[in-house]
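Some notes on the structure that comes next.
We did not get these values from a lab; they are worked out from the coordinates using the rules stated. Just so we're clear, the structure is a prediction, and the values are computed from it rather than from any experiment. We place every Cβ from the backbone using ideal geometry, glycine too, and count neighbours over all the protein chains shown.
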Amino acid sequence: MENNKLIVPDGIVISKIYYIRDQKVMLDSDLAALYEVETKQLKRPDDFMLRLIEKEYSNLKSQFATSS
C-alpha cells in the first residue's frame, strides 16, 4: 500500500501557533487548511477549543497586521 500523506514543513506549522492565555493555540481555519477539511468539522468536540474574548481577538488581529 502506498503512503500518500503530505508532509507540511515545520516552519509553516510553527508560524500558525499563537500564545493566548499562556497556551499555545492554533486557529480553526489554519488547522482546517493543514488537514484539508472544512472548519466546521473541527468544531464538533466542544472541549477541543477555546473561544476568544474581544480583546484577545483584537490582539490577534494586530499580530497579523504586524507580521504582514
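Values as computed for the structure displayed
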read-out	value
16 Å Cα-Cα reach of residue 61 towards lysines, excluding residues that sit fewer than 8 places from it in its own chain	16
Förster radius 22 Å - calculated FRET efficiency between residue 38 and residue 6 (Cβ-Cβ, nearest 0.05)	0.80
